[in-house]
1. Just to be sure I understand the curve: with the Debye formula and one point per C-alpha of the stretch 68-220, what is log10 I(q)/I(0) at q = 0.09, 0.12, 0.15, 0.16 Å⁻¹?
2. Decide, for the stretch 44-137, between rounded, prolate and oblate: order the square roots of the alpha carbon gyration tensor eigenvalues as a ≥ b ≥ c, take rounded if a/c falls under 1.5, and otherwise choose prolate if a/b is larger than b/c, else oblate.
3. Express in nm, to one decimal, how much length is gained between E455 and S40 on full extension, taking 0.36 nm for each residue of separation and deducting their alpha carbon distance.
4. Straight-line reach from K322: which lysines have a Cα under 25 Å away, not including same-chain ones fewer than 8 places off?
5. What does the C-alpha gyration tensor say about the overall shape of the stretch 475-572? Classify as rounded when a/c is under 1.5, otherwise prolate if a/b is larger than b/c, or oblate.
6. Using θ = phi - 60° and the Karplus curve 6.51 cos²θ - 1.76 cosθ + 1.60, what whole-Hz ³J(HN,Hα) does each residue of the stretch 513-522 get, with Gly and Pro shown as x?
7. Residue-wise, which Karplus ³J(HN,Hα) couplings in Hz belong to the stretch 406-415, taking 6.51 cos²θ - 1.76 cosθ + 1.60, θ = phi - 60°, and x for glycine or proline?
8. If one computes P(r) from the Cα atoms of the stretch 414-455, what percent of pairs lie at distances over 15 Å?
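The values are calculated or read from the model by the stated rules, or taken from the named source; none is laboratory data. Remember, it's a predicted structure, so these values are computed and weren't measured experimentally. We place every Cβ from the backbone using ideal geometry, glycine too, and count neighbours over all the protein chains shown. When the accessible area is computed, the model is the full protein with side chains, heavy atoms only, and any ligands, DNA or RNA have been set aside. Shrake-Rupley method; radii C 1.70, N 1.55, O 1.52, S 1.80 Å.
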Amino acid sequence: MSDLRYTAKRAQHTEIPRPKRGEGQWALGYTEPLNKNEQSKKDDSPLNVRDRILHIYSKRGFASIDPADLRGRFRWMGLYTQRAEGFDGGKTATVPEEELDAPFFMMRVRSDGRLLSADTVRALGEIGRDYARDTADVTDRENIQYHWIRVEDVPAIWERLEAGGLSTLEACGDSPRPFLGSPVAGVAADEIIDGTPALDEIARRFLGDPDFANFPRKFKTALTGHPSHDVSPETNDISFVGTVHPEHGPGFDLWVGGGLSTNPMLAQKMGVWIPLDDVADVWEGVASIFRDYGYRRLRSRARLKFLVADWGIAKFREVLEKEYLGRELVTLASPESPVGHRDHIGVHDQKDGRKYVGVAPVAGRVSGTLLIALADLIEKHGLAGARLTPYQKIVLIGADPERVEDVVADLEAIGLSARPSNWRRNTMACTGIEFCKLAIVDTKNRARDLVSELERRHPDLDTPITVNVNGCPNACARTQIADIGLKGQLVMDGDRQVEGFQVHLGGATGLNANFGRKLRAHKVTSAGLDDYVSSLVEAFLAGREEGESFSTWVHRADESLLRGEPLAGARS
Ligand code: HEM
Ligand code: SF4
């Protein structure tokens, strides 16, 4: 096993206080598995499941799958059983897992910030059409996610993906999860530095490497050289963010320990300058710290953020430099955080004189058929290809400036708008009860209906308001950093239990990064959501000061307004 590999690399030891109770940190000698997941990873490297899928399960069918593979190791190949139909949110976490499992999979395809050519987009579309009942979602981790996948079809799907340079490897599991790369890397006129070679190098060296396939939990990477910080670097385990050193030139700052879920934390900024060529080595160092020192006892405390919070960023840097890199990093104050959009929607300048065009599906939902139409469009207009964004959007790269309006019109015609309403642009939704076994409420369909209702009621909103709809507290669509963050739960409507949401208001990333204002004991029913959001919008429009953002207003607004209580009285 790889669990003692760190000892060879630790040239010097740093004084790490030994916790009173073992947290399952390998580096402190706690190598015995302390829970079911750790045991399963020790029993057999999760990467070995690939061969069993290819040679056994795909031939013998769903019933032949070993339960430890089905609910554990399959994730390392981007496969996760989907929720059986007919179980409402009240059943989540109450019926046994086996009953909630449909004999179909959700499959995640990682894009890792890559440019997808017309052929690759077509392959992605055809897989959706042929094997996934025409489903395909663009997720906020830059993945394409399918549903209804049968294990029998997995080998054929992998073959088609591999032809386009894509894979599902380690798209789930305690592994290097899909990387978020800037969707305009190497292209945008205002880019600080193109990080593409570094992400490619990390993928080449570490994806599928057994030494980096058994972390305490998931490990999320983001990297951008764009000044808008377009990869949500505040909420990833490790982020590289473009910065310029007065003498050395462009490079990256390092942020570590971000993550949302039920115990959200913003990444801490190290304040360093790392040249492009060193990024992969630093990634290796941070990933190794997580593997060796991460808390493996409790899954709920296993993310890197807990270690970073306990150590502090100075100690983390010291361990990284002394034990893993064997050298010091260059200190440089972290770059300023930007304000405003990070989604690249609309038409923008490339450095080569061409244009890129960002488009918005509704809450990330596309389809196999739509992706095939998009591939045709990319070919017709001679575009370089498409990239996925961390905001459930798609960016088309390389439009001829003379033809860009035709591109925009053709995109609109297939349902991808480059000039969406605020609501369509700024609403995201996680997978939700349709397919997710942890969900309590419906999200994608609810978000779609919310968008169309708000477009009707507030068509001309002049300032952005973001709405993130989540089916449970796990915050896969980033509940806590939205202007209006919705966390699915069951709520009482009179004496009936119905789908509803708890509300976080005024959360943000960038300059005013914060997790929003949670209203005590305030819940909205799913049916009442349109009216509630409308009342907030009206109260904001009536009460804002010149140029004031929704988030700033929320932090000073009267609580009764935020609870959606009747406006008339509140306004006076
Ligand atoms: C303990 C369990 C889980 C936690 C704590 C969790 C947490 C998260 C978080 C924080 C993100 C956002 C990543 C980012 O900011 O870049 C995310 C993304 C995502 N997660 Fe989870 N997740 C969990 C389980 C699941 C399950 C069971 C599913 C199954 C459907 C799922 C589906 C997704 C999807 C699809 C995304 C991308 C969001 C989207 O665009 O739809 N997650 N997860
Ligand atoms: S937030 Fe909850 S419901 Fe939504 S995808 Fe994540 S785990 Fe599932």
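1. One equal scatterer on each Cα of the stretch 68-220 leads to -0.32, -0.56, -0.84, -0.94.
2. oblate
3. Residue separation times 0.36 nm, minus the Cα-Cα distance, leaves 144.5 nm.
4. Within the straight-line limit of under 25 Å, K322 reaches these lysines: K9, K20, K218, K220, K269, K305.
5. Oblate, because a/c is 1.5 or more while a/b does not exceed b/c.
6. Along the stretch 513-522, the couplings run 3, 6, 8, x, 9, 9, 8, 4, 6, 9 Hz.
7. For the stretch 406-415, the Karplus-derived couplings read 5, 4, 4, 5, 5, 5, 4, 5, 9, x Hz, x marking Gly and Pro.
8. On the way: 401 of 861 pairs.
That tail contains 47 percent of the Cα-Cα pairs.
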